[in-house]
Each structure stands twice: as structure tokens, then as C-alpha cells.
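Colleague: Have a look at this one.
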Amino acid sequence: MSLLVTGIAPAKADSVSSSLSIIQAQVTKGRAPKTGYTRAQFGPEWADVDRNGCDTRNDILKRDLTNLVFKEKTKSCTVLSGTLDDPFSGETINFVRGNSTSMEIQIDHSVALSNAWQTGAFKLTAEQRKAFANDPLNLLAVKGKLNLQKGDGDAATWLPPLKSFRCDYVSRQIAVKMKYNLWFTAPEKEAMIRILKSCPEKGTPTS
């Protein structure tokens with residue numbers, strides 16, 4: 001799923017720079033007030049921003065799950081079941097669509113929406129915030145309970161239990177924040193540096 005973000009300066013990160021060197025170079029700021037934040041500030045939940053006929057949640061399920069089964073007559077869009085190798089825990093989770101089962105797998109915003117709001121997204125246009133909320137770079141299918149546990153935490157307050165994934169996790173957060181010109185808090189930067197020192201050559205993802 002491709003997505004064009006307009007009106008935002010190109011990210012300062014590039015394929016040569018490591019996540020560690022990028023975050024070390026960032027100037028930190030405190031969190032802005034949460035005043036004015038609502039989920040609606042980031043557009044309708046799981047919009048079809050790329051107009052492929054599928055909402056963003058189903059797009060990410062299709063990307064991240066295997067053994068997919070689709071609902072008939074949805075043009076391979078609505079995911080009925082599949083298997084997730086959960087990046088947060090390392091567990092294998094079987095997904096079955098249903099009122100009581102769908103939320104066992106949730107779509108995590110690597111940089112949470114309210115966190116983004118407090119670190120610069122309040123300055124973005126409505127269209128840019130909608131793009132942010134539906135950007136595949138910022139989204140991962142994960143174990144629902146861990147997504148709820150994370151809430152709107154940043155790297156200073158919450159990290160995936162699977163330690164081997166933490167370098168990937170914070171590198172993705174850095175890539176997202178750079179793409180949308182969001183800033184980092186001092187505790188967040190400190191936590192990211194601590195993690196990335198174990199993988200100093202780790203680059204930032206592009207999708």
C-alpha cells in the first residue's frame with residue numbers, strides 16, 4: 001500500500017544513516033499539552049486512503065498475516081482468518097474475525113496518535129494527520145493485549161516484551177517521527193539510544 005504525504009518536508013533520515021546516529025542528532029523538546037486532542041483529529045478510523053477498496057486495518061492484516069482466508073465477494077479485502085507471528089511477543093496467534101475474537105489482533109500505531117499530537121502533530125493539517133494514522137510505516141498487526149498495555153506510551157514508558165524486536169521497534173518510531181517532522185522528548189531519546197547501542201548499524205525502515 002503506497003501513500004503520498006504532501007506538504008511535509010522530506011525526512012532527514014536516509015538509507016545510509018543508522019537509527020542511532022539519527023536519534024543522537026535530534027534536539028529534544030517537552031511534550032505539548034494534550035489540549036484539543038481527539039481521535040477524530042486524525043480522520044475516520046481505518047479509512048481507505050489509497051482507494052484500493054480495502055480499509056487500512058484489512059490492508060495491514062493482509063500484509064502482516066499468513067494463511068489468509070478472505071470473505072467472499074470482497075475482492076480479497078476482508079480478512080476472515082489468518083496467522084500472525086506477533087512481533088511484540090514472539091507468539092503465534094490465530095486470528096478469526098468475529099465480535100469477540102477480532103480484537104485479539106489489533107493494529108498498533110508505532111507512534112501513538114496522542115503521543116504524535118503532543119510532539120508536533122497538532123501543527124499538521126487534517127489531511128496530513130489522516131495520512132499519519134493510516135500510514136503503513138506507522139502500523140503493525142500485534143497481539144491485542146499488548147497494544148492495549150502500550151496505550152499512548154513512547155519508548156521511555158513502554159517497550160515490546162520480546163527484546164530482540166526492540167531495535168526494530170524504536171527504529172520504526174524514529175522513521176515515522178522523522179517523516180512527519182515530529183519531535184522527541186528527552187526521556188524518549190535516552191531510551192532509544194540505550195536500545196540502539198546494542199544494534200548500532202540498524203537503519204530506519206521505509207515501509
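Each value in this text was obtained by applying a stated rule to the coordinates, not by laboratory testing. In this text the structure is predicted, and so the values were computed from the model without any measurement. Positions of Cβ are backbone-derived with ideal geometry, glycine not excepted, and every protein chain shown enters the neighbour counts.
Colleague: Taking the mean number of other Cβ atoms within 10 Å as a proxy for protection, how do you rank 192-200, 106-114, 45-53 from highest to lowest?
Modeller: By packing density, highest mean first, the sequence is 106-114, 192-200, 45-53.
Colleague: Can you compute the helix-only [θ] at 222 nm over the chain? Use -39500 (n - 2.57) per DSSP H run of at least 4 residues, normalise by all residues, nearest 500 deg cm²/dmol.
Modeller: Here the helix-only value at 222 nm equals -8000 deg cm²/dmol.
Colleague: Now, a different point. Given springs between every Cα pair under 10 Å in a Gaussian network model of the chain, which of 123, 75, 150 has the largest fluctuation?
Modeller: 75
Colleague: Would you mind calculating the relative contact order of the chain from Cα pairs under 8 angstrom and at least 6 residues apart, reporting the percent as a whole number?
Modeller: On the way: 339 pairs, mean separation 66.0, N = 207.
32 percent.
Colleague: Further question on the same structure: Give 29/62; 145/177; 150/179 a once-over and call out the pairs whose C-alpha atoms are over 27 Å from each other.
Modeller: The pairs that break the limit, which is 27 Å between Cα atoms, are 29/62.
Colleague: Rounded to the nearest 5, what % of DSSP beta bridges with both residues in the chain are antiparallel?
Modeller: Percentage antiparallel, nearest 5: 95.
Colleague: Can you tell me which aspartates and glutamates have their Cα less than 17 Å from the Cα of residue 73? Leave out same-chain residues fewer than eight positions away.
Modeller: 55, 59
Colleague: Report the net charge of residues surrounding residue 45, where surrounding means a beta-carbon distance below 13 angstrom and charges are Lys +1, Arg +1, Asp -1, Glu -1.
Modeller: Summing Lys/Arg as +1 and Asp/Glu as -1 gives +2.
Colleague: Taking the Cα of residue 162, stepping 7 Å toward and past its beta carbon, and measuring to each backbone N in region 54-89: which are under 13 Å?
Modeller: Under cut-off, by backbone N: 64-66, 84-89.
Colleague: If you compute semi-axes √(5λ) of the Cα gyration tensor in Å for the structure shown, which of (i) 34, 18, 16; (ii) 32, 22, 17; (iii) 28, 20, 16 do you land on?
Modeller: Here the calculated entry is (iii).
Colleague: Which residues' amide hydrogens lie under 5 Å from the amide hydrogen of residue 105, considering only partners 5 or more residues apart or on another chain, with H built in the peptide plane?
Modeller: For residue 105, the qualifying residues are 144.
Colleague: While we're here: On a 0 to 90° scale, report how tilted helix 186-196 is relative to the longest principal axis of the chain, with both axes built from alpha carbons and the result rounded to the nearest 10.
Modeller: In the chain, helix 186-196 runs at an angle near 70 degrees to the longest axis.
Colleague: To the nearest 10 degrees, how steep is helix 166-179 against the longest Cα principal axis of the chain, on a 0 to 90 scale?
Modeller: 80 degrees
Colleague: May I pose another question? Between residue 97 and residue 206, what length comes free when the chain is fully extended (0.36 nm per residue of separation minus the Cα-Cα distance, one decimal in nm)? Write out the running numbers ahead of the final one.
Modeller: Details: separation 109, 0.36 × 109 = 39.24 nm, distance 2.93 nm.
36.3 nm is the gain from fully extending residue 97 to residue 206.
Colleague: Ok, one more. Gaussian network model of the chain, Cα springs within a sub-10 Å range: biggest mean-square fluctuation belongs to which of 41, 118, 149?
Modeller: Of 41, 118, 149, the most mobile in the Gaussian network model is 149.
Colleague: Ok, one more. With r defined as the distance between the Cβ atoms of residue 69 and residue 38 and R0 fixed at 30 Å, what FRET efficiency is calculated, to the nearest 0.05? Please list the in-between numbers first.
Modeller: Values: r = 35 Å, r/R0 = 1.17.
About 0.30, to the nearest 0.05.
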